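Participant: The structure under discussion is supplied below as structure tokens; questions concerning it will follow.
The values are calculated or read from the model by the stated rules, or taken from the named source; none is laboratory data. Everything quoted here is computed from the prediction, not taken from an experiment. Cβ placement follows ideal geometry from the backbone for every residue including glycine, while neighbour counts extend to all protein chains displayed.
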Amino acid sequence: MLIGHLAGLQLTELWSLRDDAFPHLDWDASDPPCPVMLDTRWGELRLDAPGPAVREALRRMRTGPVSLRNVVADFPQSGVAEPDPALSPEAAELLAVLRRIQHVVVRTLAVGSVPLLSVVPLSPQAGFAPRPLPRNLPARLSRFTVLRYAQGTLRLESPLSHHRAELLCPEASVLLARLCGTSRDAAGAAPPEEWDLPALPDDVVDTALSYLTAAGLAILAETGHDGGPGTPPRFGEDHDPALLTWSPDDLLLHSRSRLGRHDGDVGATFEHAARLPAEPVVKATHGARTIPLPRPELDGLGRNGPTFSAVMERGPSLPVGAGELTRDQIASLLYQAARIRSLVAPGHAAPDGYLHSERPYSSLGDTYALELYLLFPPERKNVWPTPGAYHYDPAAHALEKIDEVPEALAELAVIAQAEGQLADPPELLITITARFRRASGKFSGIAYASVLKDVGALQQTLSLVATALGLGSCALAIGDADAAARALGLDWRTESSVGEFLIGAPAPAAAGAGPNTV
């Protein structure tokens, strides 16, 4: 058993149901007992003919963390995974039910009357079976585990885990000092005295660490690598081929923007509608000088331009030629790739003012959170427009001159030139930004992931149109969000660069052949 009394403090393991799990209990005296239906966020569970002890335990667990020894006297406080013949029938039945519904059961450790930490299941695949840990093996937090504040507690979360841990009192933070990869034996169990941290009894620490390890938030060193003198501890995740190429940031973004490994809301929830006005479908202009762009005749483009198959087979390139980008080419590129074709009224459940639009490239949920800024370095060959930064207005099909910061604009050009492996500064750098509230105002859980997918859709559309126009093009893999914010005068928290795209003048052979030939 992991439970004990030290210095008058009793460690108690408590059980409760997730807040969104509700048992429908029928307390009549029917024989056999009626089934119990358990509503959960992942569907309904049916418990056939549960006994009185199970019914009473579920009733108490619905109200909050409870000791199940108050329901069944011989209930094993830490729970067990295998049946124990010595248990009473009531305890055995209760354990069997808890194992079946463990994906909605919250486990809490308390010292005296103070809750220390809780382990909360996040998916139907959550399985939790804490075990005593060997004291001679070092333990540490997984490199994928993150600590953050949410809803009044500190939370430990990992994309590798189907659980989260909630630290419920300041003393619980002491546990983190024990998870630095050192041995947990008697000599190394306590943090250094100069840290001035409150002490926790060893049994409390051991049980808490067994919880965090069972939840997949902390890991143990491999057996045989105990971190002795001259032998650094070896942790399996550091050598796992499936994990070596994942950064913690990428894996967390992936797992939290898909279903299956978290319990957050996902999809078009408009969760901020009551607190913030809807982000407009088109970014407001600043009253600066605008340059109307010519609108190409699409019917003519279809008759005289290359076939779609020819465009796909040719593929993008960034030629370095003697030609110049013309106003008509730039206008045609933006018109065919990014203009607003029409505005659409708010759909079902959308707040007032959240209009949608229809454009040439696809956008998840028609949020269209992306903005295009055209950056023309002073060193370019073309003479239109004057050097500087311009915002593209997709509704008016016009360029708006903005008050850029020349030094930061030059920095962006240098980065783009290096990333595109160009001998000269780019003719045209299109910086793609996102107004995040257009996506986060609609989506929960997938807002940023939807932005990145939209960037890919827009870049592909720009590439196809540029190829059809005989222009060079290249999507860049890396950009500097801070430099873009400085150059364009943006608050990166509300609008930030999320992609870059280069446009080059036609190669000499194509420059005189017309804009729609290959």
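Participant: Yes or no: region 79-89 includes at least one residue that is at pLDDT 90 or above and either assigned by TED's automatic domain parsing to the domain that holds Leu25 or farther than 23 Å from Val174 by Cα (or both).
Facilitator: Scanning region 79-89 turns up at least one residue that is at pLDDT 90 or above and either assigned by TED's automatic domain parsing to the domain that holds Leu25 or farther than 23 Å from Val174 by Cα (or both).
Participant: State the number of residues belonging to region 102-114 that are surrounded by fewer than 19 Cβ atoms within 10 Å (Cβ to Cβ) and modelled with pLDDT of 90 or more. Can you show your working first?
Facilitator: The initial filter retains those residues of region 102-114 that are surrounded by fewer than 19 Cβ atoms within 10 Å (Cβ to Cβ), namely 102, 112-114.
Next, only the ones that are modelled with pLDDT of 90 or more stay: 102.
Summing the residues that are surrounded by fewer than 19 Cβ atoms within 10 Å (Cβ to Cβ) and modelled with pLDDT of 90 or more in region 102-114 gives 1.
Participant: Would you confirm whether any residue within region 47-55 is modelled with pLDDT of 90 or more and under 32 Å from the mean Cα position of the chain (by Cα)?
Facilitator: The answer is no, given that none of the residues of region 47-55 is modelled with pLDDT of 90 or more and under 32 Å from the mean Cα position of the chain (by Cα).
Participant: Do we find that Leu200 is at pLDDT below 85 and closer than 21 Å to Glu13 by Cβ in this structure?
Facilitator: yes
Participant: Search region 351-369 for residues being under 23 Å from Arg275 (Cα atoms) and buried (at least 21 other Cβ atoms within 10 Å of the Cβ), and hand back the single one that is farthest from the chain's Cα centre (by Cα).
Facilitator: Only one residue fits best here, namely Tyr354.
Participant: Find all pairs meeting these conditions: Cβ atoms under 8 angstrom apart; at least six residues apart or on different chains; first residue within region 424-446 and without any contact (Cβ under 8 Å) to a residue 60 or more places away in the chain; second residue among the basic types (Lys, Arg).
Facilitator: Pro425/Arg380
Participant: Here are some conditions: (1) surrounded by fewer than 16 Cβ atoms within 10 Å (Cβ to Cβ); (2) closer than 25 Å to Ala349 by Cβ. Arg289 meets all but one. Which one does it not meet?
Facilitator: Looking at each condition in turn, Arg289 falls short on (2).
Participant: Look at region 137-163 and say how many of its residues are assigned to a strand (DSSP E or B) and surrounded by fewer than 22 Cβ atoms within 10 Å (Cβ to Cβ).
Facilitator: Adding up the residues that qualify gives 10.
Participant: Looking at this structure, is Gln417 over 14 Å from His286 (Cβ atoms), surrounded by 15 or more Cβ atoms within 10 Å (Cβ to Cβ) and out of contact with any helix residue (DSSP H, G or I) (no Cβ under 8 Å at 6 or more places or on another chain)?
Facilitator: yes
Participant: Here's something else I'd like to know. Which of the residues belonging to region 423-456 are hydrophobic (A, V, I, L, M, F, W, C) and surrounded by fewer than 17 Cβ atoms within 10 Å (Cβ to Cβ)?
Facilitator: Across region 423-456, the qualifying residues are Ala423, Leu452.
Participant: Looking at region 159-178, I want the residues that are not assigned by TED's automatic domain parsing to the domain that holds Pro121 and have a partner that is at pLDDT 85 or above and in a helix (DSSP H, G or I) with Cβ atoms under 6 Å, at least 6 apart or on another chain. Which pairs are those?
Facilitator: Matching pairs, first to second residue: none at all.
Participant: For region 136-158, which residues satisfy the criterion of being aliphatic (A, V, I, L, M) and either in contact with a strand residue (DSSP E or B) (Cβ under 7 Å, 6 or more places away or on another chain) or not assigned by TED's automatic domain parsing to the domain that holds Glu222 (or both)?
Facilitator: Once the filter is applied, which keeps residues that are aliphatic (A, V, I, L, M) and either in contact with a strand residue (DSSP E or B) (Cβ under 7 Å, 6 or more places away or on another chain) or not assigned by TED's automatic domain parsing to the domain that holds Glu222 (or both), region 136-158 yields Leu137, Ala139, Leu141, Val146, Leu147, Leu154, Leu156.
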